[in-house]
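First up is the structure itself, then whatever we jot down about it.
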Amino acid sequence: MSSSNSGWSSSVTESGANSSGPQCYCGVTTYMKTSYTEHNFGRRFYSCPNYKIKRTCGFFAWVDPPMCDYGKRVLKRMRDMQKRLNFDMNEVQILKEEVEKHKEEVQKHRVHEKKYKEEVEKHRKQVKEYKLLWQ
């Protein structure tokens with residue numbers, strides 16, 4: 001947090017997410033958010049949670065100092081890479097499900113193949129028996 005916010009107490013969970021922040025002017029506990037705008041990408045802040053219901057008191061406080069341009073570019077690349085990774089992971093899951101379906105189909109075909117081979121062998125034996133009878 002910046003030095004102007006040093007009077008606030010906050011706790012950080014294992015995931016790094018802030019569990020609670022300062023109270024806004026409405027008296028409501030704020031929670032840390034992250035900016036994804038071009039100018040402040042990756043910068044964390046607290047704001048009045050009542051903005052969703054159009055009753056905001058206007059409370060706003062940055063947690064992080066402004067980030068340099070290089071840091072913004074790195075964070076954006078990391079976010080884009082994460083999005084691609086998530087997309088790829090979804091694709092892998094879809095492919096795994098398709099493989100499982102194909103495995104089930106192959107197993108069904110193996111059962112049918114086994115029955116077919118048994119039938120063929122049965123008919124071969126019958127043919128041999130008939131040949132013996134006709135000789």
Revision key, fill the gap. So R124 and T37, fully extended at 0.36 nm per residue minus their Cα-Cα distance, gain in nm 23.7 nm
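For the cross-link pairs K96/K122; K33/K54; K52/K72; K103/K125, which exceed 30 Å when the distance is taken from alpha carbon to alpha carbon?
Values: K96/K122 39 Å; K33/K54 18 Å; K52/K72 27 Å; K103/K125 33 Å.
Checking Cα-Cα distances, K96/K122; K103/K125 exceed 30 Å.
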Exercise for review: Could you list K128, K33, K54 in order of exposure, starting from the residue whose Cβ has the fewest other Cβ atoms within 10 Å?
Suggested key: K54, K128, K33
Check your understanding: In a shell of Cβ-Cβ distance under 14 Å around K125, excluding K125 itself, what net charge do Lys and Arg (+1) and Asp and Glu (-1) give?
Key -> +1
Check your understanding: GNM on the chain, C-alpha springs below 10 Å: top fluctuator among E119, E38, E98?
Key -> E119
Check your understanding: Of Q23, Q82, Q107, which is the most mobile in a GNM of the chain whose springs link Cα atoms less than 10 angstrom apart?
Key -> Q107
Review point. What FRET efficiency would be calculated for the residue pair D69, N90, taking the C-beta separation as r and a Förster radius of 35 Å, to the nearest 0.05?
Key: 0.65
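Taking the Cβ of each residue in R124, R44 as the centre, tally the other Cβ atoms inside 10 Å and list the residues starting with the fewest. Intermediate results must be reported in sequence, preceding the final value.
Working: R124 10, R44 15.
Ranking R124, R44 by Cβ neighbours within 10 Å, fewest first, gives R124, R44.
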**Study point:** Residue order, fewest to most surrounding Cβ atoms within 10 angstrom, among S47, S20
**Key:** S20, S47
Review point. Say each of S20 and R55 gets a label point 7 Å from the Cα, pointing the same way as Cα to Cβ; how far apart are those two points in nm?
Key: 2.0 nm
Study note, to complete from the structure: Residues whose modelled amide H sits under 5 Å from the amide H of S20, counting only those 5 or more places away in sequence or on another chain, are S11
Review point. How long, wide and thick is the chain, going by the Cα atoms along their three principal axes, in whole angstroms, largest first?
Key: 109, 35, 29
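Computed from the coordinates by the stated procedures, all read-outs in this text should not be read as laboratory data. Nothing here was measured: the structure is a model prediction, and the numbers come from that model. Positions of Cβ are generated from backbone atoms using ideal geometry, with glycine treated the same way; all protein chains shown enter the neighbour counts.
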